[in-house]
Structures are given as structure tokens and as C-alpha cells.
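Any read-out appearing in this document is the output of simple, stated calculations on the displayed coordinates, not a laboratory observation. These figures come from a predicted structure and were not determined experimentally. Neighbour counts are summed over all protein chains in view; Cβ atoms, including those assigned to glycine, are modelled from backbone coordinates with ideal geometry.
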Amino acid sequence: MKLWSGRFTKNTDKLTEDFNASIAFDCRMYKQDIKGSIAHASMLAKQGIIKEEEKELIIKGLKEIEKELEEGKLEFTVEAEDVHMNIETFLIQKIGEVGKKLHTARSRNDQVALDLRLYLKEEMEEIKGLILDLQETLLILAGEHIDTIMPGYTHLQKAQPVSLAHHLLAYFEMLRRDVERLEDCYKRTDYMPLGSGALAGTSFDLDRDFVREKLGFAWLTRNSLDAVSDRDFALEFLSFASILMMHLSRLAEELVLWSTEEFGFVEMDDAFATGSSIMPQKKNPDLAELIRGKTGRVYGDLIALLTVMKGLPLAYNKDMQEDKEALFDGVDTVKKCLLVFNPMLKTAKFKKENMEKGAKGGFTNATDLADYLVNKGLPFRDAHEVVGRTVLYCIERGISLEEMELPEYKGICSLIEEDVYDYLDVRKCVARRKVKGGPAPEQVKAAIEEGKMWLEGK
Ligand code: ARG
């Protein structure tokens, strides 16, 4: 028998039942559903809406159900449609008539909004922890590679030398913003919706604040219509998740690129790479590729939910049941990716010599030569022109700036002296960029310290 069978004269069509049911995926919220019901029942008793003994029975029943579900002794059914009605059905089967009082002054519409918020808040805490772990790894690696010189790129063309530490700290900053976005989204998830009923609140004298406090929410939702039809928090989470994945994907892409023989900047640990079924020599950075690939799923989850929500009239619509699979997939994917990214990165072997060799090619010190000329009194635009011609001269002869003889330099610009060779040393190029936020070792050390402090405060 359905919990809503009164108005119906026929049994539900089997296809309808299957199509309509969400139990296959919303069953993951059973703990939150039970927690919410316990708080609701406690409040109903406190307000004199149900009796104290009835509350005791309900809570005892719910706790037993939770235990039995954990032990796999209870099975959800499609007939009971979703997690909310499954648990209510179990309760009525277990404690009889009294179980039928639990749903007083409540609708599945405010119930599902509550469960989803409770669920997401927990997941957000966990995800935040995983991001912080990855950031810690970035800081450790950065600490080890302050003096590892590598080429920095723009347009994937060698640009200027930086250090690996500085490069890794760029990702630390991206993840810092992700954490901040997550914390911000948490604030808007932290609203307790029970009491909104189906859409129009309830005539019962509820103590919403009591429930809010019992469930650990910071605020109460302020409008019953909005509360049952708001999924902004899920959308914000998926937006956050999409941006986070984009960041992970960019680092993953660099690791894939750097793993090529052509770059040769990094080698993944054997435990975090895979082989080929046909080519015996292969070692592929599959993990990084897969993280890059899974980014698409999470974008898909965001777009799916945005599209579900657009054009929905107030208040609750069944379309909104589609929020869960997208949200759950986003949560699961982000967690899995963060979980493997950390050890993969931690164990990666960075090939310092190749990086430094890479930094020495491609005229990465050309800007420094221009700066050198500026220091000798030439306006920057003229210096740029002179160095451009010098680079061309070198390209034609297949040599680097360091390999030019002083007389050759003199032939191009009389301001150039013997001290130019010291100025062109890529290591010194990096060391000279002492500007705040720059790659010079002392700045990088300061950035690592600041990063550590920030992590400690989280
Ligand atoms: N399973 C539903 C969902 O996930 C719960 C709310 C159903 N409410 C309703 N009036 N049909 O959205």
C-alpha cells in the first residue's frame, strides 16, 4: 500500500513506479533522513503535537531502522518510491500506528531539501579536507624545488625561467580559491528548510529553531516557497566542483605533457601509471589523463542541473528529483580525483636536469638582456628592439645568447659589457625576480611560509 493511496482507485502501473522511483540513488541519504526525522519528532513532542511516549517510540524505531540498514537487514523497495517513504514505511511496519504520526507538519518537499543540505554539508567538509591535503603536498614539493629551475611558458612557447616551486605554488593559489568558494557555498547550504511543508508552511506551532539547532544549521530558510524549490546550493557546489576540476585538469595536463619524452620533466611512479596491452615499452600517465577526462563529467553534472532548474515554476516540481544523480556524481567524482591526485603528485619524480636544460634553451633570458640594457640607460622599447635583433642573429647562427662573443655583442650594441654573461645566467634571472609574488627563492620561501600559515588556519 502506498502512503498516499487514499485518493487512488487503481494500483500504480509498474512502469510508472519504476520511472518515478528515486530510491536507487537517494538511498544514500538514509542517515540524513533518519537524523532529520529524529529532530522533527523531538520538536513535535516538545511542542505538544505528539506525546512524549510517541516520540520515544518513533526515535527508538528510527534508530533500529538505521542499524538494520547498516547491517544490510532491511531492503529498500521501489514500491515505496524514495528514501523518505521507504523509511516511513519501515517505521510503520516496525512500531505500528504511532509511526504514522511522524509526518505531521512535514512534506517530502521540505524533507528532501533538508536531507540534501545535510548530506552536502558533510561531503563539503570532507572535500575541503581533501583539497587541503593536496595543498599540503604542493607546499612540501615546492619546499623541495625552490632551486629547481624550469622554463616558464606562454602560448606553450618558452618564455622566462621560473622555479618548479613557483610553478607548483600557482596551483596552491588556485586550490586556495577553490577552498574559499567551497566555504562560501557552505554558508548558503547551511539553512534549515523544515517547517516549509509542501510549499506553504504549516498551521502547526513548530519550533523551527529547535530543529535547526539540533541538526547543526546556522540559519533558517526565510520563505517556504523558496525553501522547497531552491537548489542554488547544489548548483553552487557543482560550480565550485567544475572550477576545481578545471584546476586539477590543468595540472593533470601538464603532468601528461611533462611525462613525454619530448619534455622529460617528470616521471610518474610505477604505482601511479599503467602499461599497454600491446606495446611493451609503454608507461602511461593514465591517472592524470583520467582526471582530465573526468572534468567533463562534472561540467556535465553542472549543466544538467542548471538545465533542470531553468523554467521551473514555483514551488517543488518532480523535475527536481533529477538534482540528485548530478550532485552525487559531482561529489563522487571530485572526491575520487582528489584522492588519487595527492599520492600521484607526491610520488612523481621531477627531472631537475632536464628542467634546467629546458630553461636554458629558447632564449628564456632574452627579457633579462633587455632589462640589462635598460639598466645601462636604454629605454625599454629600444632595448626590446636591440634584443630582438640579437635573438635573430643567434637563431641564424644556431647559438644561444650566452654563446655570443663580446665583440659580436658590441657590434649590435656598444652598451653591452663583460658583465652581461653573469646577467644571462638563468638561475640569476630567477633570483633577480624578487618582486612580491615573483619566483626568486626568497619570495618563494615567503610564499611557502604564508601558505603553511593559511593551511594551519583551516
Ligand atoms: N523523491 C523526491 C525528490 O527527490 C522527494 C520529494 C517528492 N515530493 C513530491 N511531492 N513528489 O525530489
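When a/c is below 1.5 the answer is rounded, else prolate if a/b is larger than b/c, else oblate, so apply that to the range 171-307 with a ≥ b ≥ c taken from the square roots of the Cα gyration tensor eigenvalues. It comes out prolate by the Cα gyration axes.
Given N residues in the chain, what is Rg(Cα) / (2.2 N^0.38 Å)?
1.35
Overall form of the range 20-107: prolate. Here a/c, set by the Cα gyration tensor axes a ≥ b ≥ c, is 1.5 or more, and a/b is the larger of a/b and b/c.
Please report the net charge: other residues with Cβ closer than 15 Å to the Cβ of D270, K and R +1, D and E -1.
Working: positive: K282, K283, K346, K349; negative: E267, D269, D286.
With Lys, Arg at +1 and Asp, Glu at -1, the neighbours total +1.
Projected label points at K428 and D207, each 7 Å from Cα along the beta carbon direction, are separated by 7.6 nanometres.
Once C-alpha pairs closer than 8 Å and six or more residues apart are averaged by separation and normalised to the residue number of the range 358-456, the relative contact order reads 24 percent. Under the rule a/c < 1.5 gives rounded, and otherwise a/b versus b/c splits prolate from oblate, where does the range 242-347 land using the Cα gyration tensor? Prolate, because a/c is 1.5 or more and a/b exceeds b/c.
What percent do you get for the relative contact order of the range 13-104 when only Cα pairs under 8 Å and 6+ apart count?
Worked out over the range 13-104, it gives 39 percent.
For G152, the amide hydrogen comes within under 5 Å of the amide hydrogens of A159, Q160, V162, counting only partners 5 or more places away or on other chains and with H modelled in the peptide plane. A Förster distance of 41 Å, applied to the separation of the beta-carbon atoms of K346 and E408, puts the FRET efficiency at 0.30.
Given a Förster distance of 45 angstrom, what is the FRET efficiency for Y421 paired with L220, based on the Cβ-Cβ distance and rounded to 0.05? Calculated value: 0.05.
The stretch between K51 and L290, if pulled fully straight at 0.36 nm per residue, gains 80.5 nm over its current Cα-Cα span.
State which entries of K214/K324; K214/K346; K46/K67; K10/K51 exceed 29 angstrom in Cα-Cα distance in the structure shown. In this structure, K214/K346; K10/K51 exceed 29 Å between Cα atoms. Taking the helices alone, the chain has a mean residue ellipticity at 222 nm of -20500 deg cm²/dmol, built from -39,500 (n - 2.57) per DSSP H run of at least 4 residues and averaged over all its residues. Note on K349: aspartates and glutamates with a C-alpha under 17 Å away, same-chain residues under 8 apart excluded, are E144, D147, E253, E254, E261, E262, E267, D269, D270, D286.
Look at the alpha carbon pairs under 8 Å that are at least 6 residues apart: their mean separation over the length of the range 62-155 gives a relative contact order of 15 percent.
The stretch between K376 and E126, if pulled fully straight at 0.36 nm per residue, gains 84.4 nm over its current Cα-Cα span.
Can you give the extra length, in nm with one decimal, that the chain gains between F19 and E449 once fully stretched, where that is 0.36 nm per residue apart less the Cα-Cα distance?
Full extension from F19 to E449 adds 149.3 nm.
Database remark: amide H of L220 closer than 5 angstrom to the amide H of M192 (H placed geometrically; neighbours at sequence offset of 5 or more, or on other chains; Pro and chain starts carry no H).
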